[in-house]
Every structure is written in structure tokens, then in C-alpha cells.
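Presented below is the structure to which this report refers.
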Amino acid sequence: MQKILSDRKAILLFVGPALLIYVVIVLIPVVWSVVYSFQEGTLLSGFRFVGLNNFGKLWGDRDFINSLVFGLRYAVFVSTGQIAIGFLLALVYTFYLKKASALVRTILFFPVVLPTVAVAQMFTKLFEITPQYGLVNALLDAAHLNAWIQPWLGQSSTAFVVIVIMDIWRAIGFYGIILYSGLLDIPDEIIEAARLDGAQQWKLVRYIVTPLLRPVLVTAIIFSLNGTLKVFESVLALTGGGPGNTTMPLTLYMYKTAFTVNQYGYGSTIAIFLTLECLLVTLFFYRFARRDIA
Amino acid sequence: MKTNRFLPFMLVIIVMSLLLVAAPPATAQDEVVITYLSILQDDVGFNRVIGELSAQCLTDMPNVRYEREGINLDALGQRIDQLALNNNLPTLFSADSGPQLIELIDNGYVLNVEELFTELGIYDSLNPAAAAIAAAGVQGRGLYALPLELNIEGFWYNKQMFADHDLDVPTTWDEMLAAAAVFHENGIQAFALAGREKWPITRYLAAYANRVYGADAMVRVRDGELMLTDPGFIEAAQELKDMAESGYFGVSPTTLDYGTALDLFNQGRAAMYYMGSWELRSFNDPAQALIGTENIGYFNVPLVEGGEGTLEDFSINVGTTTIISSAGYNETVGEWIRCVFSQYGDHAMNTLGMITGFNVNNPSDDLPQLTQIVLENLDTANNAFLWWEAYFNPRASVVAGDNAQLLISDPGYTAEQYMTDLQAALDEGV
């Protein structure tokens, strides 16, 4: 193995194709985006250099600020839900269901493999109010809770709640599995020893399981936050960013700016901001994890 | 050593894969493929007319193949830009009639329809009034859009429902609101509105504003003679907001899509429906119009008291802008265009009852009743106005639609705020 890894040709063979694809599909477009962010114009009429104008424009753009705030709020709620419920599921798999957890794990993982658009369609129907009640409003109607019947997707406050519920539901199976695999790596002897020392339930989770699971937990948080900060298709399919632009994350605002309004330069600037935002969040949690390990 | 033999093998595989991906699909020798990139997804309306006529014409053109590709409106602009840059625009394609079309014209990507049709000897097949409307969106550059439809917009209503409640066809806005109130009190949704699509909401703003300021209202806004913050426009937004808050559009109209709103009207669950006459394809179809074609009536946008608009002013358009590309044009394509579009008006009218911007030389004696009603109304038209966003820049068009949803769903978003935000987007000039 050592011999192969010291062979430059072998390294080129292993890394080369992946690196080539990464450079062509990821790095070049990113660099291109950076260049566009200092320009303004359209593909047909050409571009002109505008310096830092696009970056200055960000802070005076109310729609950008609204999208940024929505995206952050969404990321906090959804990532918290995904990790917290995923963690609870992992604990249930490990300590209660044990070997019988395979069926439950499969069922809960099922939404992860469903197409986002199909899930969004299902939630649209679930929370429908017109032309007929969806399941949620029908149940409220049957329970005579008429005051609770409302256009869930037609008003910004409740649309946000529906998006959060949908994206937590879609991903908890995934985070449940990730954290479950982390839990499996904790030696049974440690758990047993802790129990003998009197650590039961909450104390066992708080003082033994969580610290040992922390590296996997941090990885899951980084995965989750990067996914939620860049949320796009679920919001597009469920609300289209509406009503108005009250449920519009930065990704959707960037897409509309670049491809509907044809402001490629400003759209690229928003994309660069989003990249930096994800990078900062990732670095923060890496730092947090490394300090913890040290 | 093994690695050394393996490396060239891998490189060959990668290169072959890239070549396979990049290679264009094989076509028969000398075959001409005529492609139509259309935002109308299904084989209905003008898609159907062009498809049927093409099939007829291609019997004499064995080396020509016609293909239609559907595209979502949201993805259209980007796709057109990319295809234009690669000099690969399809023969015919849908396009927004705003700044992008002007760029395409200025950079020579598209053909002037007047010049082309004159050269092909079929310019006489175009209705001059429709051609003038089709040319209106490109700031004096000429005729570049094919007038595949000639639509009037206005309110379609359920005659039976009006009769059941002793209501006359409204001629003033207040009469229309009074009728809406009667329906609402009787548990009938007054208007079907596809608020999820956004543009059906802003149609009400254009309708009211053009009745207040006259048929040139939006042209005067474009030219800076009127501001959207002027009282008549704010009044238009307030009327729309009041209608929504009164429940005339039903519960949560912003979640209703186009097809569902149309079904509400066609199935007798809404009394009125603002829409263009392109929906004759649905109203003339007994399978879709369950209330019965004979039960559907039409009235023009009612008058606003003290306003400058008249009942001879109609919202008229030529439907989805369809363009002919210069890259896809050659002599064979010219023959195909001559064959298809010399018969277009007759075929559309006589098979689908569809009114187009092409002349009808051999009209059928048996036109659908609603088609006749639209033709009669078109005959009375003295002035035409376009839709709300017709002269807006792309940013203002987005703001107009997005914020119209807020206007009818968020009690805290005022009519003044809507028009102020929209005027600001217009002033950006992007």
C-alpha cells in the first residue's frame, strides 16, 4: 500500500479523473462566478466591469436581506429539528429497538429516497384548503376545530411552518442512520461500565453517549446546515418562494435574479455570498469540533 | 508495471465517454429538422394547429422533420440566451416580448416577419391590426412576433348563475362588485383566480387602471407621464385588495394554480373568471366546460365612474410571442413556413374555433357561439391595451407578480406600498 501511494502515476490515476471532473464542474464555474460578480450585463449584449458595485448593492437590497433572514431562520429550525430528532431516533434504534430496528430504520429512511417534488406535491395536498380541504384541514373540520382551519401555504407564517415540517420529515431518517452508525461504534463495555456506575437514561445520554458521539454529531450538523442554507428545490416546489417572496431563501433569490431578471452579475454576487456563508458556518463548526477533540 | 498499462486504458475510456456525451445525435443525410420550442406544453391551441398543418405540408417534403419541444416559462429566458450564444436557436421559439427579444433583434438572431413573409409572398395572410399589436412590444423595431392568436381579455361569466340571482351583465365596476357581493352572500365564489401564477392577479390592476386613465395608461407610465404612485393606480390596487379581503376570490387564491382556477369556472363553482379568449379552446370543449358552452357569456372590463376608459377599449394581445430564428432558416424552412402559415388562419378557425392574427379566407358557416361573440367584440374595439407588465423591465415584472400575491394575502401590505415598490423597481431601469 505504502509503495502504491508513493507512486506518482498511481496517485494521478486515482485522483486524476475525480479531480478533473471537480475542476471542470465545480472550480471553474466558481471562479467564473467570482469574475461575473464584478461585472454586469447579459450573455447576449456582453458584460462590463462594475467593480464592487454588486457587493455594495447587497446591503441596500431589501429582498436580499429578507431572503438572508428567511434562510438563516429556516436553517436554524430545520437543522435543529433534523439533528435533534435524528439523535432521538438513533437512541431509540440502539437502546430500545436494538436488532429489531431494521424495519423502522427502513421505513423512516424512505422519505430520503423520494423525489423532492413528489414530497412537496404530497405536502401541498395535505395542507390544501382550496378547491377542497386537504387532510390536515379535513381532520380539523371533523374535530370541529374550525378556528384552526386555514390556508397553510397561503400565508407566510404558516407556510414557513409547513416547509420546516416537510424538510425535517424528509431528512430525519438520514440523520438517524448517520448518528446510529456513530452509536454503534461506542463500545458496549463503556455503556455497561457507566450503567454499573449508576448512569441511567438521561445521565447516560448526557455524560457518556453525547461526548463520545460528538465527532459524528459535528459532521451531521455540518451536513445539515450546508443542506439547509442551500435549500432550493423543496421551497420552489412547495411555495415557489411565496406568497410574494416571504418564503424565499437566498438560493431561489439568486436563481430568480440571474435567470429570470437576467442580472447575471448580481446573481453571481449573491451566489458568492452564499458560498462564503456556508464556508464560515462549516469553519466555525470544524473549529468547534477540533477544540473539543484537543 | 500494471499501473502503467492501466493508465492509458483509463484515459481512453474517459476520452471515449466524453466524446459520446458531446457527440450530436445522428440524423439522416440532408435531413432538415424544423424545431419549435414552445411554452405551451400540450398539443393544444397553436401547437396543435402548427403540428397538423406541418404534417400536411411534410407529405410533399420527405427530407424534412418537424419536432416540438415544451419548456417551462421560468426556464425560457436562460435557455434562449444559451441557444443564441451557441448559434443553435430552434427554427421557431417562444420568447418574452421584453428586453431579451430586443437584444435578440439587435444582435441579428431573429428574422423580421414582415420582410420574410413579403419575400415568401404570404404577407397578405396577416391581419394588419394583429401585426401592429404584435410589433408593439419591441419599441419600433418592426414585426418579429408571429400573431399566432388574437385574444381579447375580459370577464367570462356563468349565465345561469346570473339569471338565478336576477343579475344583469355589469357595465360598471360597482355593478360588478355588487354582483360579486350577491354571489358571496349566497355561498358562491364570485371570481376564480389562479393566484399561484401571479399574472392573473395583476390583470385586475391593468383592467382597473386602464378604465381610470384610458387605454394608453401603461404607455404613459412607460414614458414617465404617469407614475404608479398616482391616485388612480393606488385605487386599482386598493380595489383588488378589497375584493380579496371580501372573499370574492375564495379562500387563499394565492395557492390556486391555473388549471384548478379554470376548472372552478368550467365546473360551475365560480361565477366569473377574468381570462383571455385563448381559453376558447376550453370553453368550446363540452368535455371541459361542464357548465355548457351555451351557458358561458363574456363582458368587457366594466367602466369605472369618472374614468377615461370606454367599453370600446379592450385588452388585446397576440398570445405567446413566437419568433423565427435566423440560424435555423434556409430555403427548405422557408417553403415549410409558406405552406404552414398560408393556411394557419383558416385551419385554426375552422378546426378549433380559434381567432388568430392571420386572415381567414374560407370561414366555416358553423363557428362556435363563443368564437362568434369574441369576433363581434373585436369588431367593436377602438383601442387596445396590453397586460400590466407588458412595458416593465424584468425586475419590475418580478416585483409586480410577487408583491401582487402579498397584496391579496397579507393584510399589512398596503396598496400604497405595492405601487411604491413597483415604481421603485421601474425606476431601477434594469
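The values are calculated or read from the model by the stated rules, or taken from the named source; none is laboratory data. This is a predicted model, so every value here is computed, not measured. A quick note on method: Cβ atoms are made from the backbone with ideal geometry, for glycine too, and the neighbour counts reach across all protein chains shown.
Would it be correct to say that A:Thr210 is closer than 23 Å to B:Leu76 by Cβ, more than 14 Å from chain B (Cβ to nearest Cβ) and not hydrophobic (A, V, I, L, M, F, W, C)? No, not satisfied. In contact with a Gly (Cβ under 9 Å, 6 or more places away or on another chain), farther than 25 Å from A:Val76 by Cβ and within 12 Å of chain B (Cβ to nearest Cβ): does that describe A:Ile129? Spelling it out, A:Ile129 is indeed in contact with a Gly (Cβ under 9 Å, 6 or more places away or on another chain), farther than 25 Å from A:Val76 by Cβ and within 12 Å of chain B (Cβ to nearest Cβ). Scanning segment A:200-233 for residues that are among the polar types (S, T, N, Q) and modelled with pLDDT under 95 returns A:Gln200, A:Gln201, A:Thr210, A:Thr219, A:Asn226.
Filter segment A:145-170 down to residues that are crowded, with 24+ Cβ neighbours inside 10 Å and of a type in the set (Gly, Ala, Ser) and give me whichever is farthest from the other protein chains (Cβ to nearest Cβ). Per the criteria, the residue is A:Ala159.
The residues of segment B:176-209 that are out of contact with any Gly (no Cβ under 7 Å at 6 or more places or on another chain) and in a loop (DSSP other than H, G, I, E, B), listed by number, are B:Asn186, B:Gly187, B:Ile188, B:Leu193, B:Ala194.
Within segment B:351-361, is even one residue in contact with a Leu (Cβ under 6 Å, 6 or more places away or on another chain), part of a helix (DSSP H, G or I) and more than 14 Å from chain A (Cβ to nearest Cβ)? Among the residues of segment B:351-361, not one is in contact with a Leu (Cβ under 6 Å, 6 or more places away or on another chain), part of a helix (DSSP H, G or I) and more than 14 Å from chain A (Cβ to nearest Cβ), which makes the answer no. Scanning segment B:367-423 for residues being in a helix (DSSP H, G or I), away from chain A (no Cβ under 14 Å) and touching a helix residue (DSSP H, G or I) at 6+ places or on another chain (Cβ under 7 Å) gives a total of 7. B:Ala55 satisfies every condition listed in (1) under 20 Å from the mean Cα position of the chain (by Cα); (2) at pLDDT 90 or above except (1). Taken together, A:Ser33, A:Ser67 contain a single residue that is within 30 Å of A:Gly176 (Cα to Cα), assigned to a helix (DSSP H, G or I) and either hydroxyl-bearing (Ser, Thr, Tyr) or within 13 Å of chain B (Cβ to nearest Cβ) (or both), which is A:Ser67. Taking the criterion of being over 15 Å from A:Ala258 (Cβ atoms), more than 9 Å from chain A (Cβ to nearest Cβ) and touching a Leu at 6+ places or on another chain (Cβ under 9 Å), the residues of segment B:67-90 that qualify are B:Arg68, B:Glu69, B:Gly70, B:Ile71, B:Leu83, B:Leu89, B:Pro90. Number of residues in segment A:36-64 that are more than 14 Å from every other protein chain (Cβ to nearest Cβ), surrounded by 13 or more Cβ atoms within 10 Å (Cβ to Cβ) and assigned to a helix (DSSP H, G or I) equals 2. For the subset of segment B:93-112 comprising residues that are in contact with a helix residue (DSSP H, G or I) (Cβ under 8 Å, 6 or more places away or on another chain) and among the aliphatic types (A, V, I, L, M), which member is nearest to the other protein chains (Cβ to nearest Cβ)? Once the filter is applied, the top-ranked residue is B:Leu104. Pairs meeting the criteria (first residue in segment B:172-184 and over 20 Å from B:Val212 (Cβ atoms), second residue assigned to a helix (DSSP H, G or I), beta carbons under 9 Å, at least 6 apart or on different chains) are B:Ala179/B:Phe162; B:Phe183/B:Met161.
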